Structures are given as C-alpha cells and as structure tokens.
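The values are calculated or read from the model by the stated rules, or taken from the named source; none is laboratory data. All values reported here derive from a predicted model rather than from experimental measurement. Cβ placement follows ideal geometry from the backbone for every residue including glycine, while neighbour counts extend to all protein chains displayed.
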Amino acid sequence: MSVIYILWLRQLKRYSRSRARIVGSLGQPLLFLLALGFGFGPIYRRAGQGDYIQFLAPGVIAMAILFTSIFTGIEVIWDRQFGFLKETLVAPVPRILIMIGRTLGGATVALIQGVIVIVICLLAGFRIHDLSQLPMTFVYMTLTALMFTAAGTAVASVLTDFQGFQIIMNFLVMPIFFLSGALFPLTNVPRAIEIIASCDPLSYGVDGLRHSLIGVAHFGQAADLAVLSAVTAVLLVLGGYLFSRIQL
C-alpha cells in the first residue's frame, strides 16, 4: 500500500509544481463555457429549453475531467523515456499496485480540475439544483476520472513515443466528447447519434452529473452508475494487464 501512496503523492506533486499545466488544462473548458454558454444561450432560450449555462456546465465539468485524466497516461511514456519507470518496475512489488497508484494519482488530479471548473461555472452563473445531491456529483466525477485515467494508462502502456500517444488520444477524445451529449441534448437527435451516444461511456458521466447538479437525466441514475462502474472496472483490469506487460 505504501507504493500506491507514494505514486499517488508523486502525481499530486507533479501537478502542484506545474502552473502552466494547471492553466492550460483549464483553457479549453473555459472557452467552451464562455463562448458556447453565452454565445448560444439566447438561441437555446428562444427554443424554449431554458438557460444554456445550466445545461452546458455539467458537460464542461466532464470535459475537464476527461482531458486531464486521459492525458495523464503520457507520463508513463515520459517516465519510460527518462528511466524513472524502470526504477519503479524493478521494485519488489506487483506491477498492478504501481498501476493502481498512478491511476489514483491521475484521477485525483482530474478531480481537482473538475472542482476548479465547478467553481468557475458557479461564478459564470451556474446554480446547483439540489445541494443534497453533491455527494453523487463527486461519485460520478470519481468514476469518470478513474475510467479515463485507466484508459490513458492502457494506451500508453503499448506505445513508446509521445507523438503516437497524442495522435491516438486526439483521435479518441474528440469523438468521445462531442458525441457524449455534453454540448447538446440527446432527445430528438438522429437515431445514429443516439446509438453512438449510448455506446459512449462519457455520455453516462455527463448524464450523471446533469442528474445530480440540475436534476435532469436522459439515461437515468441507475443506468449511469451501472455503466460507469462496469466500464471503469473493465478498463482498470485492462490497464493493469497491459501495464504489467511493459517491456523496458
């Protein structure tokens, strides 16, 4: 357990020392919140859908968690390039514990980013529907962060260069985000989009956040929790298996 704690703490120290990383990772969520939230707000309101900021904020929070968590996987490649990973893997502990420690650290960083975005959304005019649902908000945020941190680790475990990781992640992340319903309601969308969104794990994270923050859900809380828990478990197992097979 000490290995898990050490690696978790190392991830937090990396995060706290990199102010540029903190600011940079907040730039895209802020752009979507302000540009889309205030830009499309009047159109959304005229369509009879209410306040677009209220609808958009949970999606932007999920976006911040997605981008931060999945790109922590690049640190596996970084540590492999500069020798730290070799020092860690030769330690007399199971590799699965190393993977768990890294995953928990990356997920914690993503959660911190998510909390910062929640505060920014509140400053932009977002209002939480029911404060008693805040614990569920953190449950959905935690599952989403663990899920995509494990996914990033799994992909990074089979790659050896930064460019390949960034290309693959961009290829995966953008469709995952844009087809999750983070920016638009999933009601009355074309059947093809509805099917794709139903297969997108982030859709359930966004839906869960909307349910807990504004009281609106498309899939339902039971489905959100079930899918997020199942996919997170699968990706943790897959990430642990691929990480254990890393060749130095």
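Quick check: is even one residue across segment 123-140 at pLDDT 90 or above, closer than 28 Å to F162 by Cα, over 12 Å from the mean Cα position of the chain (by Cα) and surrounded by 19 or more Cβ atoms within 10 Å (Cβ to Cβ)? Checking segment 123-140: not a single residue is at pLDDT 90 or above, closer than 28 Å to F162 by Cα, over 12 Å from the mean Cα position of the chain (by Cα) and surrounded by 19 or more Cβ atoms within 10 Å (Cβ to Cβ).
Could you tell me whether segment 112-125 includes any residue that is among the polar types (S, T, N, Q) and touching a residue at least 60 places away in the same chain (Cβ under 8 Å)?
Yes, there is a match, as at least one residue in segment 112-125 is among the polar types (S, T, N, Q) and touching a residue at least 60 places away in the same chain (Cβ under 8 Å).
At least 3 residues being within 18 Å of M63 (Cβ to Cβ) and in contact with a helix residue (DSSP H, G or I) (Cβ under 9 Å, 6 or more places away or on another chain) is the threshold, and among the helices (runs of 4 or more DSSP H) wholly inside segment 187-248 those reaching it are 201-214, 221-244.
Inspection of segment 28-40 identifies no residue that is modelled with pLDDT under 75 and over 25 Å from L143 (Cα atoms).
Within segment 168-186, the residues that satisfy the criterion of being touching a residue at least 24 places away in the same chain (Cβ under 8 Å) and not in a helix (DSSP H, G or I) are L179, S180, G181, A182, L183, P185, L186. Residues in segment 177-228 that are surrounded by fewer than 22 Cβ atoms within 10 Å (Cβ to Cβ) and of a type in the set (F, W, Y): F177, F178, F184, F219. Residues of segment 151-173 include at least one that is modelled with pLDDT of 90 or more, buried (at least 24 other Cβ atoms within 10 Å of the Cβ) and of a type outside the set (S, T, Y).
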